[in-house]
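Novice: One structure, as structure tokens, below. Some questions next.
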Amino acid sequence: MNDGYEDVLEAIASDSPTPGGGSVAALSLAHSYALATMVVRLTLKSDKWAEGHSISEKLLVQCETGMPRAQELAVLDAEAFDAVIHAFRMPKGSDEEVSAREQAIAKGYLEAANIPLNTAQVSLELMRSMFPFASVCNANAITDLGAACYMAHTAIVIAILNIRINIGFMFEEDSAPYEQIVSLIENEADDLVSLTMNVINNRM
């Protein structure tokens, strides 16, 4: 059960700034995919839940594609912020070096915002799929789907924290589109978690 977990947790707990919150957001998404996959398979396993088989098959494809992508995003997030740290350590003894450093910092923060944005977008796609699935999935695993829903929502909340701090270092004209997208994701995710959990609670 704990194979691999200890190494991941130790890496997060280290005195290095990476992996940090952005990677944890992506790992939360990976756990959401894993839980949703389990509920899908338990639904497909029995004819009792035949009404949910069609949506289960579609969701299974989404999860099997999404889980490795979420793990990849966890790595990419750490690499993106490592690039920011490296950029700040670049020499600034000449005008050329200062310019190169500033460009590297700007590029680093852009990528450090784009990776968690991707995490948030993919998490929202999963939440959109789990909402209709909640009505027809195996009722014996309904709380596991609730956990998956909360994990995807948590991934979005954490990812947005990272997006907002990183766009804070950008020029306003560059950061404004991010804030618009983030607000839309945030509002829809909040609505979806409420709607999905309402269905789940009514089936318990």
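The values are calculated or read from the model by the stated rules, or taken from the named source; none is laboratory data. All of these numbers come straight from a predicted model, not from anything done at the bench. Cβ atoms come from the backbone with ideal geometry, glycine included; neighbour counts cover every protein chain shown.
Novice: Would you point out the residue of the range 167-190, among those that are touching a Ser or Thr at 6+ places or on another chain (Cβ under 9 Å) and over 12 Å from THR119 (Cα atoms), that is modelled with the lowest pLDDT?
Specialist: Here the answer is PHE169.
Novice: Looking at the structure I just gave you, is GLU186 surrounded by fewer than 22 Cβ atoms within 10 Å (Cβ to Cβ), closer than 24 Å to GLY20 by Cα, of a type in the set (D, E, K, R) and out of contact with any His (no Cβ under 7 Å at 6 or more places or on another chain)?
Specialist: yes
Novice: Also: For the range 137-148, enumerate the residues that are crowded, with 22+ Cβ neighbours inside 10 Å and either modelled with pLDDT under 95 or more than 20 Å from GLU57 (Cβ to Cβ) (or both).
Specialist: Answer for the range 137-148, where residues must be crowded, with 22+ Cβ neighbours inside 10 Å and either modelled with pLDDT under 95 or more than 20 Å from GLU57 (Cβ to Cβ) (or both): just GLY146.
Novice: Quick one: in the range 69-90, of everything that is surrounded by fewer than 16 Cβ atoms within 10 Å (Cβ to Cβ) and of a type in the set (Asp, Glu), which residue is farthest from ALA34 (Cα to Cα)?
Specialist: GLU79
A quick yes/no check of all residues on (1) closer than 15 Å to SER28 by Cα; (2) more than 19 Å from the chain's Cα centre (by Cα); (3) assigned to a helix (DSSP H, G or I):
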{"residue": "LEU60", "(1), (2), (3)": "no, no, yes"}
{"residue": "GLY66", "(1), (2), (3)": "yes, no, yes"}
{"residue": "ARG69", "(1), (2), (3)": "yes, no, yes"}
{"residue": "ALA80", "(1), (2), (3)": "no, no, yes"}
{"residue": "SER99", "(1), (2), (3)": "no, yes, yes"}
{"residue": "GLY108", "(1), (2), (3)": "no, yes, yes"}
{"residue": "ILE163", "(1), (2), (3)": "no, no, yes"}
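Novice: How many of the residues in the range 8-32 are surrounded by fewer than 10 Cβ atoms within 10 Å (Cβ to Cβ) and either hydrophobic (A, V, I, L, M, F, W, C) or part of a helix (DSSP H, G or I) (or both)?
Specialist: Residues that pass the stated criteria total 2.
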